[in-house]
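Please treat every number below as a calculation from the coordinates, not as lab data. Remember, predicted model here, so these are calculated numbers, not experimental data. No Cβ is skipped: glycine too gets one built from the backbone with ideal geometry, and neighbour counts run over all protein chains shown.
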Amino acid sequence: MARIGMVNYINVAPIYEIWKERILPADWQVVEGQPSRLNILLAEDQIDMGFVSSYAYAAHPERYQILADLSISATGPVGSVFLFSRIEPETLGGHLVRLTNQSDTSVRLVKIILEEFYRVKPRYEIGDVCGDGVRLEDVSAVLAIGDDALRLRAGGQYPIQLDLGEVWHGKTGLPFVFSVCAVREPFLAEQPENARAIRQTLVECREQGALRMAEICDRVSRRIPMDCETCSAYLMGIEHDLSPVKCRALEHFFRYLIDRGEAPPTALPLKIFQ
């Protein structure tokens, strides 16, 4: 059995929609979830590999390797990782910021952006940021990701909408890698060829998905909901490769984490499984 974690946001649709069409080995079991949930499942050995927050790898590099040429990333605006704010970001010092409970990477990234780039130190709380019963009257800014970010963006309640991928790129000149496809070291030791076959299948799905983007947008846009043109523009900005420059971007992010005491020095160098 190979248990494979798949993010259940539309930003993985160019891979996952193609994956679901293919006839695959019966012992390849997909487990869907939000990034933070998949992080937990991988850490608890309840899945063997999957798209998890890049921070999940950095926090425990001794446990995992990164599958080559797979990620959820962006060079510039990502379109679904936003700090929505009622006031200018440079004035958020001391103000309350609600952080999504769905992504460990984006939480670390927004703290780097606010504290290292804007030189402010807000107060933080973690919780739900979208949905029935969520109250945000007392917070000055909200970090939202994925489908929640797309819904809040469309709602227009916040005058300031910072795309974190765009801010990172503007400050560093690098892409940002939000998720990697990580695999547990024990699984690699036991089933290296199976891991290679799964990686190759995911890469093939990515390549086919890029060629069928209009069809995929038509399938998934109603989940938000959003029109097909907006969905297409969004998905065209999401990248799923892990090129050498993206490896450098990961290293740059991990150096911030190491310097801030949020990841061990052994997070570098990266361990890439081909």
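Using DSSP, restrict attention to beta bridges with both residues in the stretch 63-193 and report what percent are antiparallel, rounded to the nearest 5.
The antiparallel fraction comes to roughly 65 percent.
With θ set to phi - 60° and the Karplus curve 6.51 cos²θ - 1.76 cosθ + 1.60, what are the ³J(HN,Hα) couplings of the stretch 236-242 in order, to the nearest whole Hz, using x for Gly and Pro?
For the stretch 236-242, the Karplus curve yields 5, x, 8, 10, 10, 9, 9 Hz.
Which trypsin sites (Lys or Arg not before Pro) in the stretch 1-66 sit in a loop by DSSP (not H, G, I, E or B) and have at most 15 other Cβ atoms within 10 Å of their own Cβ?
Filter output for the stretch 1-66: 22.
How many angstrom separate the Cα center of the stretch 231-268 from the Cα center of the stretch 100-124?
So the separation of the two Cα centres works out to 15 Å.
Sort the following peptides by mean Cβ neighbour count (other Cβ atoms within 10 Å, averaged over residues), highest first: 219-229, 45-55, 23-33, 137-147.
Top of the packing list down: 45-55, 137-147, 219-229, 23-33.
Looking at the chain only, what percent of DSSP beta bridges run antiparallel? Nearest 5 please.
55
Using modelled amide H (1.01 Å from N, peptide plane; none on Pro or chain starts), what sits under 5 Å from the amide H of residue 69, excluding residues fewer than 5 places away?
242
Counting helices only, and only those DSSP H runs with n ≥ 4, report the 222 nm mean residue ellipticity of the chain as the sum of -39,500 (n - 2.57) divided by its residues, in deg cm²/dmol to the nearest 500.
-12000 deg cm²/dmol
Near the amide H of residue 30, under 5 Å away, which other amide H atoms are found, from residues 5 or more places off or on another chain, if H is placed in the peptide plane?
The list, which skips near neighbours in sequence, is 4.
Go through the stretch 100-114 residue by residue and turn each phi into a ³J(HN,Hα) via Karplus (6.51, -1.76, 1.60, θ = phi - 60°); whole Hz please, and just put x for glycine and proline.
4, 9, 9, 8, 6, 5, 5, 5, 5, 5, 5, 5, 4, 4, 6
Assuming a strict under-20 Å limit between Cα atoms, what lysine pair count do you get for the chain once near-sequence pairs (fewer than 8 apart, same chain) are dropped?
Lysine pair count for the chain: 5.
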